[in-house]
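**Student:** Take this structure first; my questions come after.
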């Protein structure tokens with residue numbers, strides 16, 4: 001069977017938002033799979049802000065995507081052919097499928113794919129039951145250790161990870177403040193049970209936050225980086241935990257360094273901790289998180305929404321939606 | 001017995017380095033001690049950078065010294081009179097004695113004084129066996145958890161705390177890089193066994209550090225804050241621990257906020273932790289640290305030096321020595 005693959009390869013290092021011309025859309029005939037390889041038909045691509053960092057020519061936690069390579073991206077597909085005993089034809093597989101319609105992989109190490117039980121809709125699995133849910137869970141629960149009555153602040157709170165983090169914080173009995181951009185996102189946060197909301201596009205966070213966080217902030221789950229951190233550092237309590245999950249406010253542009261907080265000394269006065277983390281480290285031990293998240297999803301307790309774009313040709317513009325804030329919930333693309 | 005007390009009280013909030021005119025030197029007759037009170041004759045005052053922060057009218061980990069109050073300061077004295085069963089006349093007592101020749105206190109809570117066995121010279125006890133040693137020990141050993149072969153960077157490395165931290169890091173089998181100002185301090189660091197030294201007054205830390213830290217930095221024990229942190233964040237390894245002990249580069253001036261590091265995102269890429277701490281939290285559990293430090297001191301393994309100024313009238317200028325870098329080792333004043 002001849003299979004054609006349509007794929008986006010990187011042509012230029014982008015600056016700021018990506019342009020279609022930073023990439024090239026190529027169609028090619030797939031080769032036969034070799035020993036231990038599998039062929040996957042990609043069904044849904046996951047768009048995560050961190051993908052933008054992989055397009056920069058800078059050292060990071062994963063190697064940069066090289067010019068001419070397929071753009072790296074998580075996603076889910078179905079195994080079409082398999083020469084690997086761990087994967088059967090028809091299996092649903094989750095991993096780095098890339099911006100392409102099909103992929104051939106010898107699944108080892110970083111290229112490993114997880115076989116996913118075919119229970120929930122794929123968008124749900126790529127959202128709360130995927131890296132998004134695991135990120136929110138491990139960051140907030142394992143590293144943040146939220147206690148009932150504590151105040152938890154989440155920036156990018158209406159984003160995929162943020163919206164799970166705020167809900168888990170509520171389940172844990174915390175007072176939750178969410179920061180998001182625009183009335184629609186803020187209204188959605190209220191639906192999710194967030195106690196107080198700051199619309200950073202229509203109000204001044206530096207003025208609003210101290211008013212809302214009257215009892216101080218115990219946990220800050222930061223998805224955005226930049227200016228807000230300085231305001232937060234002025235409001236933290238003793239033993240505060242600041243969890244750095246992302247820094248989307250910088251646009252993840254190479255060499256674009258945002259101003260740093262001028263008051264890191266607050267960490268000393270408050271004996272506070274600021275910790276960066278990556279979901280990749282927690283995937284091998286994600287069973288506990290996924291079981292708890294699955295229960296909340298089944299009970300209808302954990303709300304989620306997916307923003308599903310369509311068509312492989314729309315990959316670059318779909319990535320940009322994360323940085324313009326157009327996405328409503330987890331950004332996906334159906335191939 | 002009539003006892004006269006000579007004391008420095010705060011008259012104005014200082015800006016930058018303190019001036020004698022920010023304070024007033026007063027001599028008064030001490031009242032009789034009341035129930036549970038003790039009268040201490042102060043022998044040595046300890047000068048620590050954090051004292052400067054207490055003179056600012058800003059919320060901190062201790063209340064600001066109020067205008068008209070005696071300047072807060074740690075130190076050691078001998079009990080002259082006691083109405084408190086926990087303290088005997090002749091006991092050597094360590095606590096917040098203040099910039100004065102005598103003090104009367106009802107030792108409870110924050111005003112508690114520790115009775116110190118009269119074994120080592122007082123300057124040694126106020127240095128490595130005092131809060132300085134406890135700070136270095138708990139910051140580096142308990143929070144940093146240094147492993148043999150790891151690279152430990154210490155700024156303010158020739159200061160009282162820094163010079164203990166670099167030595168403990170060597171005892172733990174680490175590769176140690178120290179940053180200090182001036183040839184004399186750097187030479188002393190070499191005597192202490194520090195592997196590599198950067199003289200920040202005569203070289204460019206941003207250029208030198210990446211060359212010296214070829215294997216990356218696992219632990220950064222930061223006494224200075226400011227610019228250097230950004231350079232360090234570009235050099236950290238996965239799971240690096242950044243311990244914020246002090247920020248003397250700011251002069252601890254009210255409202256003087258130094259530029260923040262623009263690359264906190266490195267904490268995410270490297271899954272690193274930045275943690276502020278205060279020695280006050282560790283004093284109740286300092287027995288373990290003090291036993292280990294005492295052993296190193298008795299064996300002559302842990303080197304230390306004290307810079308002893310004399311005369312109560314010199315308190316303000318002695319405090320400034322910490323910020324001009326004039327002090328050679330732990331800054332003390334003999335009354």
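Every number in this text was worked out from the coordinates using simple rules, so none of it is lab data. Every value quoted in this text rests on a predicted model; they were computed, and no experiment measured them. Every residue, glycine as well, gets a Cβ built from its backbone with ideal geometry; the counts of neighbours run over all protein chains shown.
**Student:** Which FRET efficiency, nearest 0.05, do residue B:204 and residue A:190 yield, Cβ-Cβ r, R0 56 Å?
**Tutor:** Taking R0 as 56 Å, the efficiency between residue B:204 and residue A:190 is 0.60.
**Student:** Taking each residue of A:114-121 in turn, how many C-beta atoms of other protein chains fall within 10 Å of its C-beta, and what is the average?
**Tutor:** Partner-chain Cβ atoms within 10 Å, mean over residues of A:114-121: 0.
**Student:** Moving on. Note down the relative contact order for chain A as a percent, whole number, built from C-alpha pairs under 8 angstrom at least six residues apart.
**Tutor:** Once divided by the residue count of chain A, the mean separation gives 18 percent.
**Student:** Where both residues lie in region B:131-281, what percent of DSSP beta bridges are antiparallel, nearest 5?
**Tutor:** 0 percent
**Student:** Also, quick follow-up: Residue A:13 label points, 7 Å along Cα→Cβ, one per copy: pairwise distances from this copy to the rest in nm, shortest first?
**Tutor:** For residue A:13, the other copies' label points sit at 4.6 nm, shortest first.
**Student:** Mean shadow of region A:200-247, computed from the convex hull of its alpha carbons, in nm²?
**Tutor:** Result: a mean projected hull area of 3.2 nm².
**Student:** Quote the convex hull volume per residue of region B:1-159, based on C-alpha atoms, as a whole number of Å³.
**Tutor:** Given the Cα convex hull of region B:1-159, per-residue volume reads 151 Å³.
**Student:** Between residue B:254 and residue B:281, what is the spin-label point distance in nm, taking each point 7 Å from the Cα along the Cα→C-beta axis?
**Tutor:** According to this spin-label approximation, the distance is 2.7 nm.
**Student:** How much of the calculated P(r) for the protein assembly as shown lies past 31 Å, in percent of all Cα pairs?
**Tutor:** 59 percent
**Student:** If I fit a long axis through the Cα atoms of helix B:315-324 and take the longest principal axis of the Cα atoms of chain B, what angle between them do I get, 0 to 90°, rounded to 10?
**Tutor:** The angle comes out near 0 degrees.
**Student:** Run the simple label-point estimate for residue B:262 and residue B:11 please: 7 Å along Cα→C-beta, distance reported in nm.
**Tutor:** Between residue B:262 and residue B:11, the label points sit 4.4 nm apart.
**Student:** Oh, and also: Once a ≥ b ≥ c are taken as the square roots of the eigenvalues of the Cα gyration tensor of region A:51-133, is the result rounded (a/c under 1.5), prolate (a/b larger than b/c) or oblate (a/b not larger than b/c)?
**Tutor:** oblate
**Student:** Moving on. Based on the Cβ-Cβ distance of residue A:214 and residue A:69, what FRET efficiency does E = 1/(1 + (r/R0)^6) give at R0 = 60 Å, to the nearest 0.05?
**Tutor:** My answer for the efficiency is 0.75.
**Student:** In deg cm²/dmol, rounded to 500, what helix-only [θ] at 222 nm does the protein assembly as shown give when every DSSP H run of at least 4 residues adds -39500 (n - 2.57) and the total is split over its residues?
**Tutor:** Calculated mean residue ellipticity at 222 nm is -6000 deg cm²/dmol.
**Student:** Return the equivalent ellipsoid semi-axes of region A:131-280 as a descending list in whole Å, where each equals the square root of 5 times an eigenvalue of the C-alpha gyration tensor.
**Tutor:** 19, 18, 17
**Student:** Separate question: To confirm my reading of the symmetry, which residue of chain B has the Cβ nearest the axis that brings B onto A, and what whole-Å distance does it have?
**Tutor:** Output: B:260, 1.
**Student:** Turning to a different aspect of this structure: Mind listing the label-point distances from residue B:187 to the same position on all other copies, shortest first, one decimal in nm, points 7 Å along Cα→Cβ?
**Tutor:** Copy-to-copy label distances for residue B:187: 7.4 nm.
**Student:** Between residue A:291 and residue B:19, what is the spin-label point distance in nm, taking each point 7 Å from the Cα along the Cα→C-beta axis?
**Tutor:** 6.9 nm
**Student:** How shielded is A:57-64 by partner chains, expressed as the average number of their Cβ atoms within 10 Å of its Cβ atoms?
**Tutor:** 2
**Student:** Take every DSSP beta bridge with both residues inside the protein assembly as shown and express the antiparallel ones as a percent of the total, to the nearest 5.
**Tutor:** Restricted to the protein assembly as shown, the bridges split so that about 55 percent are antiparallel.
**Student:** Here is a further query. Dividing the convex hull volume of the Cα atoms of region B:230-287 by its residue count, what figure in Å³ per residue is obtained?
**Tutor:** So the per-residue Cα hull volume is 119 Å³.
**Student:** Hey, what angle do you get for helix B:287-298 against the long axis of chain B, alpha-carbon based, 0 to 90 degrees rounded to 10?
**Tutor:** 80 degrees
**Student:** Over every pair of different alpha-carbon atoms in chain A, take the mean of 1/r and invert it; report that Kirkwood radius in Å.
**Tutor:** 20.7 Å
**Student:** Okay, next question. Set the Förster distance to 22 Å, then compute FRET efficiency between residue B:114 and residue B:301 from the Cβ-Cβ distance, nearest 0.05.
**Tutor:** Efficiency, from the Cβ-Cβ distance: 0.35.
**Student:** Once you keep just the Cα pairs under 8 angstrom separated by 6 or more residues, what percentage relative contact order results for region A:131-280?
**Tutor:** Across region A:131-280, relative contact order equals 22 percent.
**Student:** If you restrict to DSSP beta bridges whose two residues both lie in chain B, what percentage is antiparallel, to the nearest 5?
**Tutor:** In chain B, approximately 55 percent of DSSP beta bridges are antiparallel ones.
**Student:** Defining the label point at 7 Å along Cα→Cβ, can you sort the distances from residue A:298 to the same site in each other copy, shortest first, in nm?
**Tutor:** 6.2
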